[in-house]
Amino acid sequence: MWRKILKLRDVAKSFHMKAVGNGRHTSFWYDRWSSLGVLSDLLGERGTIDMGIMKAATVEDVIQSLQRKRRYRGTVLNDIAKELEIIKAQQLNEVEDVDMWRWSSGFKPKFSSRETRRLLREPVAQCSWERSVWFPQATPKFAFMTWIAMRDRLSTMDRVVSWCRGVDTTCVLCKLAPETRNHLFFECSFSSQIWDHLTRGLLQRSYTLDWEGIVVLVSDSRMAKKKLYYLRYSKRLCIHCGESVISAGMKNRGASTSLKEAVGISHPQ
Ligand SMILES: [Zn+2]
């Protein structure tokens with residue numbers, strides 16, 4: 001854990017700099033105070049020898065030791081010297097150094113975890129169904145389960161077989177089709193009865209047992225608010241029932257009859 005965090009030091013560095021006042025709390029080599037960047041990164045180990053400045057020196061130490069205009073061999077070193085002369089000429093002896101944090105609009109003296117997170121996040125494509133899973137009145141447990149189902153990460157048998165060879169992959173309820181997410185929750189002749197009972201009257205001509213079609217329906221923000229809420233809740237109720245079937249089915253693949261009784265569904269006519 002800590003090693004992983006330490007690997008991000010270079011990223012963290014790019015989010016911080018120092019606005020130099022008297023230079024007392026600014027490391028000459030390791031803080032980013034110069035327009036050229038962090039000087040230890042720029043000049044490496046040789047930098048301390050070439051400039052004759054100790055590793056532990058602060059910017060204040062260096063400014064105070066500037067007695068006269070010194071010329072170095074190398075443009076970069078002379079550029080650093082010029083910056084130091086400018087800071088010295090400002091005579092900011094009573095002004096404290098300020099920590100500055102990166103925002104999208106530039107460095108500011110205030111740190112914002114929200115802004116930092118936003119800058120660190122890689123842009124991702126907008127998820128069309130996000131609001132159908134996470135909405136204000138959602139029950140957290142159902143919402144979480146629905147999210148897992150949306151990602152197709154539940155332990156349906158078509159997925160279980162990839163890590164447990166030889167298992168029976170037929171639907172634990174109807175025994176007529178492979179147990180996939182799309183089949184188990186809505187297409188199966190047993191579980192479809194729950195969806196049918198809850199939504200056929202509501203959806204009428206839009207009624208469907210197709211997973212993708214249902215996702216489109218529950219993501220349709222143009223639908224009347226109450227209808228949409230009822231539909232979303234019906235969907236997650238079906239997923240919750242299906243998830244109970246998966247859990248029980250994992251324990252005992254032969255217990256299909258008691259499972260059907262457990263979720264209160266009968267054999268379709
Ligand atoms: Zn089935």
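The values are calculated or read from the model by the stated rules, or taken from the named source; none is laboratory data. None of the values given here were measured: they were computed from a predicted structure. For neighbour counting, all protein chains shown are included, and Cβ atoms are generated from backbone atoms with ideal geometry for every residue, glycine included.
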**Request:** Check off (1) touching a helix residue (DSSP H, G or I) at 6+ places or on another chain (Cβ under 9 Å); (2) closer than 21 Å to VAL161 by Cα; (3) modelled with pLDDT under 75; (4) surrounded by fewer than 18 Cβ atoms within 10 Å (Cβ to Cβ) for LYS251 and give me the number that stays unchecked.
**Result:** (1)
**Message:** Against the conditions (1) in contact with a Leu (Cβ under 7 Å, 6 or more places away or on another chain); (2) more than 10 Å from the ligand (Cβ to nearest atom), where does ARG165 fall short? Just the number, please.
**Reply:** (1)
**Message:** If I go through region 184-210 residue by residue, how many of them are assigned to a helix (DSSP H, G or I) and either more than 18 Å from ALA143 (Cβ to Cβ) or outside the structural domain of ARG159 (by TED's automatic domain parsing) (or both)?
**Reply:** 17
**Asked** Where residues in region 133-168 are modelled with pLDDT of 90 or more and assigned to a loop (DSSP other than H, G, I, E, B), which of them is surrounded by the most Cβ atoms within 10 Å (Cβ to Cβ)?
**Response** ASP152
**Request:** Give the residue that is farthest from the ligand (Cβ to nearest atom), with candidates limited to residues of region 169-183 that are assigned to a loop (DSSP other than H, G, I, E, B) and under 33 Å from the mean Cα position of the chain (by Cα).
**Result:** THR180
**Request:** Kindly provide the set of residues from region 169-194 that are aromatic (Phe, Trp, Tyr) and surrounded by fewer than 18 Cβ atoms within 10 Å (Cβ to Cβ), ordered by number.
**Result:** none
**Message:** Between ILE63, ILE86, ILE80, which is under 19 Å from MET17 (Cα atoms), free of Cβ contacts under 8 Å to residues at least 60 places away in the same chain and in contact with a strand residue (DSSP E or B) (Cβ under 9 Å, 6 or more places away or on another chain)?
**Reply:** ILE80
